[in-house]
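The values are calculated or read from the model by the stated rules, or taken from the named source; none is laboratory data. These numbers were taken from a predicted model, which means no experiment stands behind them. Glycine also receives a Cβ, built like all others from the backbone with ideal geometry; neighbour counts cover every protein chain displayed. These accessible areas exclude ligands, DNA and RNA; they are computed on the full protein's heavy atoms, side chains included. Shrake-Rupley method; radii C 1.70, N 1.55, O 1.52, S 1.80 Å.
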Amino acid sequence: MALVGTKKMFEMAYKNGYAIGAFNVNNMEITQGIIEAVAEEKAPLILQVSRGAREYAKISYLLAIINVVVKENPDIPVVTHLDHGDTFETCKQFVDDGFTSVMVDASKLPFEENIAVTKKVVEYAHARDVVVEAELGRLGGIEEDVVGVDDVGKHLTNPEQAIEFVEKSGCDSLAVACGTSHGAYKFKTEPKLAFDVIQKIADKLPGFPLVMHGSSSVLKEFVDLINKYGGDMPNAMGVPEDSISKAVKMAICKVNIDTDLRLALTAKIRQVFAEKRSEFDPRKYLGPGREAIKDMVKHKLHVLGCAGKAAECM
């Protein structure tokens, strides 16, 4: 059984200066592309399920796919994670369904209410050996049901509040607002991450794992393919990979990647449709899409530095 929590993963990631890739699960092909890459690169893995994924595929189907991943890859440590659980009831459901990690996102609430909601989830989850990620500060952009703020620079995580939040809530990791943004249209100009915020929090909470949301790079090769084959994404821009690599050398132990998965799949499907206009067999375009995801994820594992780290995270 390779189903684990994040405690050992984050301890090793923090100690050795890398981050775990947290990839969103929406269907079978996306999940297969992710796990094939992770298995070949011998990396630890976080598979996470968002609200949009639950509405699209139903949690029973997603759980079945994830359970196959765990069963067929006993040498790969896999965390099953709820992404952006917005209520105690949602987090409770996923704990009860057997997930090993949940994120409670009460960041829209006032500070004290965020602590209270997070603490309630922590108490329930910890009693059942499940770890909890929380969020403090607000990201920009839009992704599924998660709507961020217009000016990310005004909503960065306050390092002083981060100490109080972690101590009072008891959360196991903290998603911080450090200049990243959700979605494919994250920025109008190349972003500059607030490394000073990350460093200040790391100094005040030594050894405590931090998380970066909104961290897809919106890789140019996929945007170009989409635009070449009928798409219209002229202003898509993400987080530069060198910035991500710098952040994971600090205290960032988990990096969320979703948009890049969608772009890789969509770009390849568009290419197949354009080059083989009579194609109607889903296997003939979803298969190449799955392969594009696999190649992209393999690349990301090296950006994050977690390739080859599976054994030490078991």
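Could we say that Leu82 is modelled with pLDDT of 95 or more and closer than 30 Å to Glu160 by Cα here?
On the way: modelled with pLDDT of 95 or more: yes; closer than 30 Å to Glu160 by Cα: yes.
Yes.
Please work out if Pro234 is of a type outside the set (A, V, I, L, M) and open to solvent by 20 Å² or more (accessible area, probe 1.4 Å).
Details: of a type outside the set (A, V, I, L, M): yes; open to solvent by 20 Å² or more (accessible area, probe 1.4 Å): yes.
Against the criterion (of a type outside the set (A, V, I, L, M) and open to solvent by 20 Å² or more (accessible area, probe 1.4 Å)), Pro234 qualifies.
For the range 292-314, check the following and say yes or no: at least one residue is under 24 Å from Ala2 (Cβ atoms), modelled with pLDDT of 95 or more and among the acidic types (Asp, Glu).
The answer is yes; a qualifying residue exists.
Cβ contacts < 9 Å: first residue more than 21 Å from Thr259 (Cα to Cα), restricted to the range 30-43; second residue of a type in the set (Val, Ile, Thr), any location; separation 6+ or different chain. Result?
Ala39/Ile76; Glu41/Val297; Lys42/Ile76
Of all residues being among the β-branched types (Val, Ile, Thr) and not in a helix (DSSP H, G or I) in the range 42-63, which is modelled with the highest pLDDT? Just the residue, please. Steps first, answer last, please.
Restricting attention to the range 42-63, the residues satisfying the condition of being among the β-branched types (Val, Ile, Thr) are 46, 49, 59.
With the extra rule that they be not in a helix (DSSP H, G or I), the set shrinks to 46, 49.
Numbers: Ile46: 98, Val49: 95.
Only one residue fits best here, namely Ile46.
What are the residues in the range 51-61 that are under 11 Å from Leu82 (Cβ atoms) and either within 17 Å of the chain's Cα centre (by Cα) or open to solvent by less than 30 Å² (accessible area, probe 1.4 Å) (or both), if any?
Initial filter on the range 51-61 (under 11 Å from Leu82 (Cβ atoms)): 51, 53-54, 59.
Answer for the range 51-61, where residues must be under 11 Å from Leu82 (Cβ atoms) and either within 17 Å of the chain's Cα centre (by Cα) or open to solvent by less than 30 Å² (accessible area, probe 1.4 Å) (or both): Arg51, Ala53, Arg54.
Any idea which residue in the range 77-129 is most open to solvent (accessible area, probe 1.4 Å), counting only those that are farther than 17 Å from Met9 by Cβ, part of a loop (DSSP other than H, G, I, E, B) and among the hydroxyl-bearing types (Ser, Thr, Tyr)?
Thr87
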